[in-house]
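Report on the structure given below.
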Amino acid sequence: MLDHLAYRTPEPKVIAGAKADWELVIGLEVHAQVASNAKLFSGASTTFGSEPNANVAFVDAAMPGMLPVINEFCVAQAVRTGLGLKAQINLTSAFDRKNYFYPDLPQGYQISQLYHPIVGEGEIIVDMGPGIARRVRIERIHLEQDAGKSIHDMDPNMSFVDLNRTGVALMEIVSRPDIRGPEEAAAYVGKLRQILRYLGTCDGNMQNGNLRCDVNVSICRPGAYEKFIETGDFSYLGIRCEIKNMNSMRFIQQAIDYEARRQIAIVEDGGAVVQETRLYDPDRGETRSMRSKEEAHDYRYFPCPDLLPLEIEQAWVDDIAATMPELPDAKKARFVADFGLTEYDAGVLTAEAENAAFFEAVAAGRDGKQAANWVINELFGRLNKQGLAIADSPVSAAQLGGVLDLIGAGEISGKIAKDLFEILWTEGGDPAQIVEARGMKQVTDTGAIETAVDAIIAANPAQVEKARANPKLAGWFTGQVLKATGGKANPAVVNEMVARKLGLGE
Amino acid sequence: MSIDIDTARKVAHLARIAVPEENLPALADQLSGILTFMEQLNEVDVTGVEPMTSVTPMRLKRRADVVTDGGYPEKILSNAPDAREGFFAVPKVVE
């Protein structure tokens, strides 16, 4: 079974400075909320949008004497994610405390996994267009607690704190600095999100903050990155800045582009980039320094004394591996190989697992390319227009398959099929019955077509003369005949007959 | 290892404990004393010894992914110095 298609590596993005050309080196830390019912260390709910502080247990509020007990399903989700990224699973991992003070962190520390993460090195293939993809290495994935939410705009003097998100499980997925441009960074987040959704380990909802990322950006001269890859020596790369907490693909690209140009201007001016944490301001389209975070950067990590090391068994990991779904790369490669689709179409159909399943139901036992055209152009087009998800599609896979069967059997023409699709969309019903009941069947009865052709020819002598002089104009007759028969005449039969009657020959 | 006054001041700040300036020398001395005591452990050769995490063999306790807790915001907020509209209210913190 083909794991993924063959790709060539994309060219890195080059930005022309005032004095020289520059390349970008980007690494991402993605925080993905684990899809689970309860929190990582407490039995409180993870439901989004509840009343403030309704989903808070005494553990989450860090009341004295409360102890964390780990949610085994969250561990399984991290392992499943690791397997999905072809990563090493660490059978022993451990939790550490990252200490800092902030109003939405009642414990005064975040429980995280600095020294012994549950997942080690893996990879993601980031598609950048047909035949082109970047392989981005994953350094690690660790489990940690999310913080609460501070709301600053409800009162002029006070910040309001909601602890509902406090203690919800996050996976921090850390990439190597293998990303070489703003578009690649957005595509990386998109691909990671797609894989997580296929796995069911994170819903990928960026708007709710369930998937957000920190972006590390540095610049270097062409050739320097290759030396870094060869030697592993970071001194070939520029000083990096970290842009915190981005939850939009568009802002990620804008922020990286701005930040790269800012660093280029500094270096070309003879200055030096200072390693720091920055925030992107989408209203102004610029990044700015988060100086307040700098002095607090002493997290004093130490092993969490409340939690024993997390030891899992290989057999348990194997059980999870046995239930892995087919992932996007493999599915896309299979659609190309089995259905003869273009990589582009296969990519569109596999963007979401539900879409791919719908297509497969339509294509089963039918012409894959035709099924792809109908699903992408007619169905997805219509769903997009009305803002519907595939689950809400008024036309089922069985109905659409029925339409294709009618076309395949020569019962209806392509044009009538679109009318039929419209009827199915608005009224529903069985395609074959509708065609039968409403007399939509294609006329292949040559007698009926011949009558129509003769009538048109007899009524338009001038056009007949023109068409005999210029055979390209014969199409006009075909059009007229199709019109006269309400689109039900088989166009191939009409074409052939028109040509014969006009004496044009084949 | 000895802790100087500057380090003692920094540690106090990180822990958000207000230590008057005149108490810092004594605090630095006490912290140094603790570290010196701990440093004796370095005299033991532990090469190849796995760190012990518990006295009896124990496995990290696990919980099923079931909602069994929460739903009592009034209790969560009951000790808060200031709470409004279901939220903790704290002096404004803005990045």
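Of the residues making up the range A:145-163, those that are touching a residue at least 40 places away in the same chain (Cβ under 8 Å) and either more than 14 Å from chain B (Cβ to nearest Cβ) or among the aliphatic types (A, V, I, L, M) (or both) number 5. Checking every residue in the range A:136-154 against the condition of being among the hydroxyl-bearing types (Ser, Thr, Tyr), assigned to a strand (DSSP E or B) and not assigned by TED's automatic domain parsing to the domain that holds A:Tyr344 gives at least one match.
Among the numbered conditions (1) within 47 Å of the chain's Cα centre (by Cα); (2) part of a helix (DSSP H, G or I), the only one that A:Ile449 does not meet is (1). Summed over the range A:121-135, the residues that are over 16 Å from the mean Cα position of the chain (by Cα) and open to solvent by less than 30 Å² (accessible area, probe 1.4 Å) give a count of 2.
Scanning the range A:358-367 for residues that are open to solvent by 40 Å² or more (accessible area, probe 1.4 Å) and either among the aromatic types (Phe, Trp, Tyr) or in contact (Cβ under 8 Å) with a residue 40 or more places away in the chain (or both) gives A:Ala361, A:Arg366, A:Asp367.
Each residue in the range A:148-201 was checked for being open to solvent by 10 Å² or more (accessible area, probe 1.4 Å), of a type in the set (Ser, Thr, Tyr) and more than 27 Å from A:Leu114 (Cβ to Cβ), and 1 of them qualify.
Looking at the range A:88-101 only, could you name the residues that are within 11 Å of chain B (Cβ to nearest Cβ) and part of a strand (DSSP E or B)? Step through it out loud before you land on a result.
At the first step, the residues of the range A:88-101 found to be within 11 Å of chain B (Cβ to nearest Cβ) are A:92-95, A:99-101.
Across the range A:88-101, the qualifying residues are A:Thr92, A:Ser93, A:Asn99.
Selection of the range A:120-144 for residues being farther than 30 Å from A:Arg8 by Cα and either small (Gly, Ala, Ser) or away from chain B (no Cβ under 14 Å) (or both) yields A:His142, A:Glu144. What are the residues in the range A:489-502 that are within 22 Å of A:Gly439 (Cβ to Cβ) and surrounded by fewer than 19 Cβ atoms within 10 Å (Cβ to Cβ), if any? Those that are within 22 Å of A:Gly439 (Cβ to Cβ) and surrounded by fewer than 19 Cβ atoms within 10 Å (Cβ to Cβ): A:Pro491, A:Ala492. Residues considered: A:Asn208, A:Asn216. Of these, the only one that is surrounded by 13 or more Cβ atoms within 10 Å (Cβ to Cβ) and assigned to a strand (DSSP E or B) is A:Asn216. Select from the range A:38-48 the residues that are under 30 Å from the mean Cα position of the chain (by Cα), touching a residue at least 12 places away in the same chain (Cβ under 8 Å) and facing another protein chain (nearest Cβ under 7 Å) and list them in ascending order. Correct list: A:Ala38, A:Ala44. Among the residues of the range A:28-61, those that are in a strand (DSSP E or B) and open to solvent by 10 Å² or more (accessible area, probe 1.4 Å) comprise A:Glu29, A:His31, A:Gln33, A:Ser45. If A:Pro117 satisfies every condition in (1) within 14 Å of chain B (Cβ to nearest Cβ); (2) closer than 21 Å to A:Phe41 by Cα but one, which is the exception? The number of the failed condition is (1). Report yes if B:Arg84 is within 11 Å of chain A (Cβ to nearest Cβ) and touching a helix residue (DSSP H, G or I) at 6+ places or on another chain (Cβ under 8 Å), otherwise no. In short, no. Being modelled with pLDDT of 90 or more and open to solvent by 30 Å² or more (accessible area, probe 1.4 Å), is that true of even one residue in the range A:432-450? Within the range A:432-450, one or more residues are modelled with pLDDT of 90 or more and open to solvent by 30 Å² or more (accessible area, probe 1.4 Å).
If you scan the range A:453-501, which residues turn out to be in a loop (DSSP other than H, G, I, E, B) and closer than 21 Å to A:Val443 by Cα? Don't jump to the end; show me each part of the working.
Quick first cut of the range A:453-501, residues in a loop (DSSP other than H, G, I, E, B) only: A:460, A:470, A:485-488, A:490.
Hits for the range A:453-501 are A:Thr485, A:Gly486, A:Gly487, A:Lys488, A:Asn490.
Considering only residues in the range B:57-77 that are open to solvent by 80 Å² or more (accessible area, probe 1.4 Å) and of a type outside the set (A, V, I, L, M), the one that is farthest from the other protein chains (Cβ to nearest Cβ) turns out to be B:Pro57. Residue count for the range A:49-87, restricted to those that are of a type in the set (S, T, N, Q) and facing chain B (nearest Cβ under 8 Å): 3.
Scan the range A:303-325 for residues that are without any contact (Cβ under 8 Å) to a residue 60 or more places away in the chain and charged (D, E, K, R) and the total you get is 2. Identify all residues within the range A:368-393 that are surrounded by 15 or more Cβ atoms within 10 Å (Cβ to Cβ) and assigned to a loop (DSSP other than H, G, I, E, B); write none if there are none. Matches in the range A:368-393: A:Ser393 only.
The values are calculated or read from the model by the stated rules, or taken from the named source; none is laboratory data. None of these values were measured; they are calculated from a predicted model. Counting neighbours? That spans all protein chains shown, and the Cβs are built from the backbone with ideal geometry, glycine included. Side chains are part of the model used for accessible areas, which takes the heavy atoms of the whole protein and leaves out ligands, DNA and RNA. Shrake-Rupley method; radii C 1.70, N 1.55, O 1.52, S 1.80 Å.
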